[in-house]
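Data block below; observations after.
The values are calculated or read from the model by the stated rules, or taken from the named source; none is laboratory data. On a predicted model such as this, the values are computed, not experimentally measured, just so you know. Cβ: placed from backbone, ideal geometry, glycine included. Neighbour counts: every protein chain shown. Protein only, heavy atoms only, side chains kept; ligands, DNA and RNA dropped before computing areas. Shrake-Rupley method; radii C 1.70, N 1.55, O 1.52, S 1.80 Å.
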Amino acid sequence: MSGNHIKISALAIIYNEEHNIREYLDNMSFADEIVVVDSYSTDSTPNIIKQEYPHVKFYQRVFDDFSSQRNYTLNLATNDWVTFFDADERITPKGTQEIVNTVNSNPEEVSLWVKRVFYYEGKPLVNNNFNEDRTARIFRRSKCRYSDKLVHEKLTIDGRSRVLKHAIEHYSFINKEDFLQKRLQYSKLKAKEFYNEGVTTNIFHFTVRPAFRFFKYYILKFGFVNGKRGYEIARILGYHVYMRYVYLREMNAACKKILVIQQKMIGDVLASSSICNTLKAEYPSSQIDYLVYNFTTPVVENNPNIDNIIPFEDRYRKSKPAFFKFLNKIRKTKYDTVIDAYGKWESGIITSFSGAKKRIGYKKWYTSFFYNNTITPDKTVSGSALYHRMQLAGAATGKTHSVVYPKIYLTENEEENAIKQMKEKLNMQLPVIMISVLGSDNIKSLPAKEMAKVIDLICENCNAQLLFNYIPSQTEAAKEIYNLCSPKTQSRIFFDFYFKDLRALLAILGQCNALIGNEGGAVNMAKALGVPTFTIFSPWINKSSWNMLTDDDLHMALHLKDYFPEIYGDNHPKEFKDQSLELYNKMTLNLFEDDLKLFLSRVMKQLEDQDPLLSHKESI
């Protein structure tokens with residue numbers, strides 16, 4: 001055994017495990033860290049963990065599927081080596097020692113597999129395929145990830161593996177009823193997996209497959225040697241196969257499959273999620289899938305109106321074989337309707353190749369190649385970015401839908417973690433304002449000197465703490481603005497407030513009292529979280545397209561055209577893109593100073609109405 005001690009994190013996903021959780025946590029006591037993710041248990045499991053095992057890192061997350069839940073839990077671990085045992089699995093003392101010794105020896109293998117002995121009604125099963133089972137339960141999370149299968153998720157391993165000598169004990173089935181309910185849960189998940197793959201049912205699925213499953217376990221795998229217990233298990237396994245196709249048939253009969261495509265930036269992805277929300281309200285039993293760039297997925301995670309987020313990866317553009325494989329996957333899903341909110345050649349090809357009966361998109365000269373139902377965007381309306389998306393939704397439903405601003409859905413854990421992080425660095429008795437100091441590039445960013453004046457004015461008119469929002473590549477530009485601010489203002493700026501990822505940023509933003517700054521994704525995210533915004537539009541961006549929710553006191557927006565309409569005349573702002581930097585010089589603080597003061601007074605008044613001591617966040 002090596003003298004090194006390599007730390008191990010013990011991970012678990014659980015639901016209603018009050019009868020197992022104490023033994024599991026005691027069994028994992030060898031680990032340096034224990035992380036448990038609960039799917040909002042309705043029994044006493046959460047209380048047992050919080051009260052009796054305070055050292056355990058306890059989280060809750062709505063269960064979607066096993067792979068997603070496990071990958072979410074992996075991200076919470078702090079150590080590279082992890083164990084991922086189920087709550088009903090037990091490691092023997094010799095097995096524990098073998099795991100610790102193997103990990104401490106710094107093995108070349110990145111995953112360790114264990115054999116499992118299954119127990120049913122308190123006794124082990126013998127001579128059957130259950131005890132042939134081997135599974136990877138100890139691995140390096142930097143080298144392993146769970147696949148996207150909904151049930152019987154597979155660990156994708158980048159490296160070598162080995163099987164450990166000592167088996168674990170698996171108390172998976174308490175009794176016949178418990179075993180049946182678990183198998184039916186797997187039946188539903190497997191049916192959903194088949195449904196997503198476009199599988200349809202036939203008589204073979206309801207007769208031959210269940211019968212063979214019974215025969216395979218009971219006869220071929222010698223299940224009969226377990227007596228009555230073996231016969232009960234064989235019957236339930238056959239019934240489990242039968243029911244997966246019953247559930248699949250019900251899904252195929254009741255559900256529409258709809259794909260919405262929006263391959264663009266965060267603001268657009270958030271805006272087009274309103275299509276998903278509208279369609280789910282119209283067709284509650286439908287399957288709504290959303291195809292977006294993988295870096296934009298955080299803004300639509302946990303949206304209850306989206307069944308599957310389909311990431312469009314950069315490799316699909318770089319490799320034709322990868323793109324065609326992706327197209328084939330889309331086609332196999334057999335969508336009834338595809339709505340292309342992006343409207344480019346790439347998304348048009350995906351729409352056309354899907355084979356959907358109804359293919360909807362914006363009307364352009366080339367779109368007849370891709371769509372059989374097109375809409376002409378009404379460019380005369382205010383807030384057209386969302387209105388156009390409701391036109392697309394209407395083409396699918398045959399109805400006219402009112403515009404409703406999209407929402408971002410945060411989990412309780414995300415909000416709690418955000419509050420905890422803010423309490424560590426900020427005074428939660430004082431207002432917190434996020435500053436969108438920079439746009440996505442220099443032609444979408446107020447010049448540094450003018451932005452510094454804006455920030456100084458904020459600090460002169462309210463006692464707020466300021467969080468700078470920028471991406472890592474913009475650090476130097478953000479520092480330039482910080483250095484141009486007055487020393488008093490600098491003392492109120494938390495320049496290096498760290499956001500682990502986009503979801504963490506969203507959770508922090510959701511706790512802020514306002515967002516002020518350049519138009520862009522951050523503004524749209526703030527509005528979707530119900531956070532008041534003061535937006536400065538770039539001279540070449542069309543304010544009327546994205547200026548939504550400004551009919552109430554919580555949101556204000558301004559554009560150079562508001563002050564110098566003669567510059568634009570009847571021309572669209574996009575025609576001034578090449579002149580943006582020059583036109584920005586006209587966008588000085590004195591033009592909108594009064595508007596900004598009015599906005600700040602409204603935000604402060606709102607806080608005072610909620611809590612005179614501005615301490616409302618303590619109880620969130």
What are the pairs with Cβ atoms under 7 angstrom where one residue, in region 55-80, is loosely packed, with under 15 Cβ neighbours inside 10 Å and polar (S, T, N, Q) and the other, located anywhere, is modelled with pLDDT of 95 or more and not in a loop (DSSP other than H, G, I, E, B)? Sequence gap at least six, or different chains. Thr78/Ser9; Thr78/Glu33
Pairs needed: first member in region 504-516, assigned to a strand (DSSP E or B); second member anywhere, of a type in the set (S, T, N, Q); C-beta distance under 9 Å; at least 6 residues apart or different chains. Ala514/Thr533; Leu515/Ser436; Leu515/Asn469; Leu515/Thr533; Leu515/Thr535; Ile516/Ser436; Ile516/Thr533; Ile516/Thr535
Filter result (open to solvent by 40 Å² or more (accessible area, probe 1.4 Å) and touching a residue at least 24 places away in the same chain (Cβ under 8 Å)) within region 375-404: Ser382, Lys399, Val403, Val404
Given (1) among the hydroxyl-bearing types (Ser, Thr, Tyr); (2) surrounded by fewer than 16 Cβ atoms within 10 Å (Cβ to Cβ); (3) farther than 30 Å from Gly355 by Cβ, Thr102 misses just (2)
Condition first: outside any loop (DSSP other than H, G, I, E, B), in contact with a Phe, Trp or Tyr (Cβ under 7 Å, 6 or more places away or on another chain) and open to solvent by 10 Å² or more (accessible area, probe 1.4 Å). Now tell me which residues in region 413-442 satisfy that. Asn413, Lys425
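Pick out the one residue from Lys216, Lys188, Lys257 that is within 30 Å of Ala393 (Cα to Cα) and out of contact with any helix residue (DSSP H, G or I) (no Cβ under 6 Å at 6 or more places or on another chain). Walk me through it before giving the result.
Numbers: Lys216 fails: within 30 Å of Ala393 (Cα to Cα); Lys188 fails: out of contact with any helix residue (DSSP H, G or I) (no Cβ under 6 Å at 6 or more places or on another chain).
Residue meeting the stated conditions: Lys257.
Would you point out the residue of region 312-341, among those that are of a type in the set (Ser, Thr, Tyr) and out of contact with any helix residue (DSSP H, G or I) (no Cβ under 8 Å at 6 or more places or on another chain), that is surrounded by the most Cβ atoms within 10 Å (Cβ to Cβ)? Steps first, please.
Our first condition is that a residue be of a type in the set (Ser, Thr, Tyr); within region 312-341, this holds for 316, 319, 333, 335, 337.
With the extra rule that they be out of contact with any helix residue (DSSP H, G or I) (no Cβ under 8 Å at 6 or more places or on another chain), the set shrinks to 319, 335.
Values: Ser319: 13, Tyr335: 22.
My answer is Tyr335.
Take the residues of region 265-306 that are in a helix (DSSP H, G or I) and among the β-branched types (Val, Ile, Thr): which is farthest from Leu505 (Cα to Cα)? Break it down into steps so the answer makes sense when it comes.
Quick first cut of region 265-306, residues in a helix (DSSP H, G or I) only: 266-282, 294-300.
Within this subset, residues satisfying the condition of being among the β-branched types (Val, Ile, Thr) are 266, 269, 275, 278, 296-297, 299-300.
Values: Ile266: 13, Val269: 17, Ile275: 24, Thr278: 26, Thr296: 13, Thr297: 14, Val299: 10, Val300: 14 Å.
Residue satisfying both the conditions and the ranking: Thr278.
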Evaluate the following for Glu89: is it under 19 Å from Leu25 (Cβ atoms) and open to solvent by less than 50 Å² (accessible area, probe 1.4 Å)? yes
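Considering each of Gly520, Gly569 in turn, give the residue that is in contact with a helix residue (DSSP H, G or I) (Cβ under 9 Å, 6 or more places away or on another chain) and of a type outside the set (Ser, Thr, Tyr). Break it down stepwise before answering.
Numbers: Gly569 fails: in contact with a helix residue (DSSP H, G or I) (Cβ under 9 Å, 6 or more places away or on another chain).
So the residue among Gly520, Gly569 that is in contact with a helix residue (DSSP H, G or I) (Cβ under 9 Å, 6 or more places away or on another chain) and of a type outside the set (Ser, Thr, Tyr) is Gly520.
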Matching residues in region 173-209 - criterion: being within 27 Å of the chain's Cα centre (by Cα), open to solvent by less than 70 Å² (accessible area, probe 1.4 Å) and basic (Lys, Arg): Lys182, Lys190, Lys192
Condition (residue is open to solvent by less than 40 Å² (accessible area, probe 1.4 Å) and closer than 22 Å to Glu414 by Cβ) applied to region 119-128: is it met by at least one residue? no
Yes or no: Leu410 touching a helix residue (DSSP H, G or I) at 6+ places or on another chain (Cβ under 6 Å), part of a loop (DSSP other than H, G, I, E, B) and at pLDDT 90 or above? yes
Being modelled with pLDDT under 95 and hydrophobic (A, V, I, L, M, F, W, C) narrows it down to one residue among Met428, Met451, Met434; which is it? Met428
Tell me yes or no: at least one residue of region 242-264 is without any contact (Cβ under 8 Å) to a residue 40 or more places away in the chain, open to solvent by 10 Å² or more (accessible area, probe 1.4 Å) and in contact with a Pro (Cβ under 7 Å, 6 or more places away or on another chain). yes
Please identify the pairs in which a residue from region 160-177 that is on the phi < 0 side of the Ramachandran plot and of a type in the set (Ser, Thr, Tyr) has its Cβ atom under 9 Å from the Cβ atom of a residue that is exposed (fewer than 13 other Cβ atoms within 10 Å of the Cβ) and in a loop (DSSP other than H, G, I, E, B), counting only partners at least 6 apart or on another chain. Tyr171/Gly122
Looking at (1) assigned to a helix (DSSP H, G or I); (2) closer than 16 Å to Ile433 by Cβ, can you tell me which one Ile567 breaks? (2)
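Name the residues in region 578-608 that are of a type in the set (Lys, Arg) and surrounded by 13 or more Cβ atoms within 10 Å (Cβ to Cβ), would you?
First pass over region 578-608, keeping only residues of a type in the set (Lys, Arg): 586, 597, 602, 605.
Within region 578-608, Lys597, Arg602 qualify.
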Expected single match for in contact with a Ser or Thr (Cβ under 7 Å, 6 or more places away or on another chain), aromatic (Phe, Trp, Tyr) and open to solvent by 70 Å² or more (accessible area, probe 1.4 Å) among Tyr40, Tyr15 is Tyr15
Just one of the numbered conditions (1) touching a strand residue (DSSP E or B) at 6+ places or on another chain (Cβ under 8 Å); (2) within 28 Å of Leu125 (Cα to Cα) is not true of Arg141; which one? (2)
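If we keep just the residues of region 486-497 that are touching a residue at least 24 places away in the same chain (Cβ under 8 Å) and open to solvent by 10 Å² or more (accessible area, probe 1.4 Å), which is farthest from Glu593 (Cα to Cα)? If you could, list the steps in order and put the result at the bottom.
Of all residues in region 486-497, those touching a residue at least 24 places away in the same chain (Cβ under 8 Å) come to 486, 488-489, 492-495, 497.
In the following step, the residues that additionally are open to solvent by 10 Å² or more (accessible area, probe 1.4 Å) were identified as 486, 488, 492-495, 497.
Details: Ser486: 17, Lys488: 19, Arg492: 20, Ile493: 20, Phe494: 24, Phe495: 24, Phe497: 27 Å.
Restricting to residues being touching a residue at least 24 places away in the same chain (Cβ under 8 Å) and open to solvent by 10 Å² or more (accessible area, probe 1.4 Å), the top hit is Phe497.
Quick one: which residue in Ile309, Ile349 is assigned to a strand (DSSP E or B), open to solvent by 50 Å² or more (accessible area, probe 1.4 Å) and either among the hydrophobic types (A, V, I, L, M, F, W, C) or free of Cβ contacts under 8 Å to residues at least 12 places away in the same chain (or both)? Talk me through it step by step, then tell me what you get.
On the way: Ile349 fails: assigned to a strand (DSSP E or B).
Sole residue among the options that is assigned to a strand (DSSP E or B), open to solvent by 50 Å² or more (accessible area, probe 1.4 Å) and either among the hydrophobic types (A, V, I, L, M, F, W, C) or free of Cβ contacts under 8 Å to residues at least 12 places away in the same chain (or both): Ile309.
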Quick one: what pairs do we get from region 11-33, first residue among the basic types (Lys, Arg), second surrounded by fewer than 22 Cβ atoms within 10 Å (Cβ to Cβ), C-beta under 7 Å, 6+ apart or different chains? Arg22/Ile48
